[in-house]
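Notes for the one structure printed next.
The values are calculated or read from the model by the stated rules, or taken from the named source; none is laboratory data. All figures in this text were calculated on a predicted structure; none of them were measured in a lab. Cβ placement follows ideal geometry from the backbone for every residue including glycine, while neighbour counts extend to all protein chains displayed. Note: areas computed on protein heavy atoms with side chains; ligands, DNA, RNA excluded. Shrake-Rupley method; radii C 1.70, N 1.55, O 1.52, S 1.80 Å.
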Amino acid sequence: MTSPLLERFISEARDLLQGSASGLLVLEKDPHDEASINEVFRSVHTLKGSVGLFDFPAFTKLVHAGEDILSVVRAGQLVLSSELVDLLLDALDQVSSWIDHIDTHGGMPDGADGVSRDLTLVLRAVLPSDAGDAGEAAMDSTASELKDLSWVGDLPEAERIAAFVAAAGGSEILAVDYTPAEDCFFSGEDPLMLFRQLSPLHALDIGTTTAWPAADALDPYRCILRFRVLTSAPRAEVEQLFRYVIEQIKMAVVAPHDLASVSGDINGGPVYEDFVDEAQRMAASGDWVALSRSVGALLELSAAPLLVASALRWLRAVLTAPQPNPDWVKALIGCIAKAEPDLHPLPAVVIARPQAEIAVAIMPMAAPPSAMVARILDGQRVMLEMVKATDDVMGRLASVERTVANLLEAEGRYADLVLWALAITSAGTDGSVRPVTALLEIWLEGRVQSVAEEGVAEPQPAAEPLDGYQRRRNDVPDHDAKPANRILKVEQAKVDTLMNLIGELVVSKNSLPFLAKRAEEVHGSRQMAREIKDIYAVIDRLAQEMQGSIMAVRMLPVSEVFERFPRLVRDVSRKLGKHIALVIEGEDTAADKNIIEALGDPLLHIIRNAIDHGIEQPEEREAAGKPPEATILVKAFQDGDLVVIEVSDDGRGIDPEKIKASALAKGVIDADRAARLTDQEAVNLVFFPGFSTAEKVSDLSGRGVGMDVVVTAVEKAGGRVEVMSRPGQGATVRLSLPLSMAVTRVMMVEAGGGMLFGIPMDHIVETVRVRREAVRRIKNAEAFVLRDTVVPLMRLDRLLGVAAPMWFGDGDEEDAVLVVRVAGNLVGLVVDHFREGMDIILKPMDGILAAVRGYSGTALLGDGRVLLVLNLKEVL
């Protein structure tokens, strides 16, 4: 059973593949069509990104190779020839077959890795050497090494401290530099979303690769951003996350001492001198707990912008390590003692920034927590203090971490959020909740409201860390804005269920006229009968509107079928050495989805026959005075309640004499019948089962299977097929099908002494009354003349086996005759009485009745009776 995510991927992948194939056919004719190459590239790139959600490496590698080819084509480094289009279409065909297998079995087929490897090698062989090397490097899923780490020192101090604490606890810190492609948005990429998936993420800096353009020249769909982060996630996880843009990623390991820098205003005083003496004594004895307590107390008394405050913050970070580094402690105490930004006892650890840069990072003091926030924080503190009596320390800590983090983010206290992450990291390192409870106590007592008062820049709303979405708390909705159209994808089964329900509603509302008749005739209440009829009129209108609305949902454009034909014409014509242009008109014409699905195979056979039999070779066309390139026109339009599709070609047409000769040779007809056939009747022989004019069997023709399949499929859908030929000029095949197969319009008739039968309206030409004296007998058959046309006459009761003894009576009596058209011929059906027409939901015969011939199915009438609907082709 496939997951909803996989089902959505399969649906979208098929759309992307179809769009890519169509775009390649356009590019084959016009390789310089920039819009088409961009569209194809984006489709393939999006497909590559989508399949990355699943473990299908063979799929990913093949699509990536195709994307690399399209990339160099788009860059003008490779010409898109017909041979290259063949390779790309073969790759898309293979991917399409994998999609079908995934849809059926939920995974890739056996041997997919080998197939992918072979096709990938073929595709990459056509790449320029430098592009091929780049593509192979990308497939290695290894990021380039980052050389320049100077930007790390420019990150906000709180973010570097968070990374430093993680490094001191044993984690490896990675610096990641990501410069997305300028058109990444069109490729389905979301750079910021990638970083949001990195965990833990200690620092995020978003800059630009070029200067911001003027407002009137700004292109919101052109990405000029550059992302730099510090993370302690494993390198393999980072490369896996960025595997589809790995060529745009650079990484390097950052040493802990490279993160530290002490900066700020120079100031001092006796209190710091006393602290230095005491701190040196505690460091010498290794009394890290006492030293940490002294650092915290002095920080509360120090102004955030001071250099000594910066040194104290880094000293506190060093002391959070399970085993603080004595050399680092000594160096930072020395910085406090000297209070000189240009003096660095450990240059590799301590890097001073110019004082001018410090002012930029100073932010106003954050507001104290509100009463509501304070209550929540106090509740979380109590929960952590209760953990002493339980063993689930980390579980309780994880719960508190999420709650407080969400609260701080909701309050917009992003600087405090960094300090919270720092305390959580410290608690996770030593297995104690004390660092977390201590921070909560500080917030609750109001002694330190925010990290911002320690000199850390609080991010502006437009660049909020860790989520990247700008929150506009005072946005006013634009009530005058026109809402955008939204598309909702619904499973086909749900729409079919709605159609079945409206069908039941149609049957139910049809019972109201019977109920009105019963109220008047049985119960003698004419007033009630009129009220029922009034209600019926309302329900009938609503049911028709609902039926029309649901049918509109089921309507699809014929382009759903037509979009596969450009590829078919291209492949077959190239194989046969013919030059053919395909012209499509009316692709927006809509029909019921069942009709659209029924059209696929018939049109496929018709177009293949036109290419193989109808279109001549280029030299033959030139000899006949025709252009070497033939034209096949596929045209769709609506004609009343029918959708009509015509397939025309300007080829050699259908030769009636050749058809007759082939039919005689194959035993389809005898010589007498061949002599009586008109040219049109001879042409119609192409629909005879097993008939073919091909001289030899190939993969395109000669099997005797083709046009008869067309007739069977179209008539099964309630349509008809016509062929018109102009020898030497071409031929046209016309398919006429109902707009919908969901609801059938029938006329009820009586036959066999009151039995009801339904005749599909599509077959009915007219109803007439024929005087019995006007009926003529021709041999053993009956006929009558209708407007100078001899129409065979058949009695429905006899055809159905419920016939009464033949009786003509006198000439004044009349027969009710239903004139129908079956297979292009007029036939008169004698019935007992005509009844009303009505819409029904046709239910096919099933079970042991499925093999009964002569019936299309059944329908339930409003009075509970079952109506048998006739299949006139089988009956006659």
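Evaluate the charge dipole of segment 753-876 about its Cα centre and quote only its size in Debye, nearest 20, assuming +1 on the Cβ of each Lys and Arg and -1 on the Cβ of each Asp and Glu.
Working: 15 positive and 17 negative charges, 88 e Å.
With only Lys, Arg, Asp and Glu charged at Cβ, the dipole is about 420 debye.
Based on alpha carbons, the Rg and Dmax found for segment 178-258 are 14.0, 45 Å. Note that segment 202-280 presents 49 Å² accessible area per residue, ligands and nucleic acids not counted, probe 1.4 Å.
Note on V522 and L5: their simple-model spin labels are 6.0 nm apart, each label 7 Å out from Cα toward Cβ. Between A850 and K873, the modelled labels are 1.9 nm apart [label points 7 Å from Cα along Cα→Cβ]. Between D113 and R608, the contour length at 0.36 nm per residue exceeds the alpha carbon distance by 174.8 nm. The calculated FRET efficiency for the pair L756 and A823, based on their C-beta separation and a Förster distance of 30 Å, comes to about 0.75. For segment 714-798, the set of trypsin sites (Lys or Arg not before Pro) satisfying both a DSSP loop assignment and a count of at most 11 other C-beta atoms within 10 Å is given as K779, R787. Summarising the label geometry, the points placed 7 Å from Cα in the beta-carbon direction at D672 and E273 lie 13.7 nm from one another. The lysines within cross-link reach of K575, meaning a Cα-to-Cα straight distance under 23 Å and a gap of 8 or more places when in the same chain, are K29, K626, K696.
Loop-located trypsin sites (Lys or Arg not before Pro) in segment 231-330 (DSSP state other than H, G, I, E, B) with a sparse environment of at most 15 neighbouring Cβ atoms within 10 Å are absent. The equivalent ellipsoid of segment 755-876 has semi-axes of 27, 15, 15 Å, largest first, where each one is the square root of 5 times an eigenvalue of the Cα gyration tensor. For K843, the lysines whose Cα falls under 20 Å of its own Cα, not counting residues fewer than eight places away in the same chain, are K494, K509, K593, K716, K873.
Per residue, segment 492-551 exposes an accessible area of 65 Å² to a 1.4 Å probe, with every protein chain left in place. If you take the alpha carbon atoms of segment 492-551 and fit the smallest convex hull around them, that volume is 54 Å³ per residue.
Between Q638 and V253, the contour length at 0.36 nm per residue exceeds the alpha carbon distance by 131.9 nm. Ranking H523, L512, I502 by how far each Cα lies toward the positive end of the dipole of segment 492-551 (charges on Cβ) leaves H523 at the top. Computed about its Cα centre, the charge dipole of segment 179-280 is approximately 540 debye, with only Lys, Arg, Asp and Glu carrying charge at their Cβ. Charge dipole of segment 273-338 (Cα centre as origin; +1 on each Lys and Arg Cβ, -1 on each Asp and Glu Cβ, all else neutral): 200 debye, rounded to the nearest 20.
Available extension along the chain between R726 and R14 is 252.4 nm, counting 0.36 nm per residue and deducting the alpha carbon span. Of V820, V749, G864, whose Cα points farthest to the positive end of the dipole of segment 744-875 (charges on the beta-carbon: +1 Lys, Arg; -1 Asp, Glu; origin at the Cα centre)? Projecting each Cα onto the dipole axis, the largest value belongs to V820.
Roughly speaking, what % of Cα-Cα pairs in segment 3-114 are separated by over 21 Å, rounded to a whole number?
Result for the distance tail: 32 percent.
How big is the gap, in Å, between the Cα center of segment 580-651 and the Cα center of segment 506-531? If you average the Cα positions of each part, the centres end up 52 Å apart. Here's the picture: charge each Lys and Arg Cβ at +1 and each Asp and Glu Cβ at -1 in segment 273-338, and of I333, Q280, A317 the one pushed furthest to the positive end of that dipole is A317.
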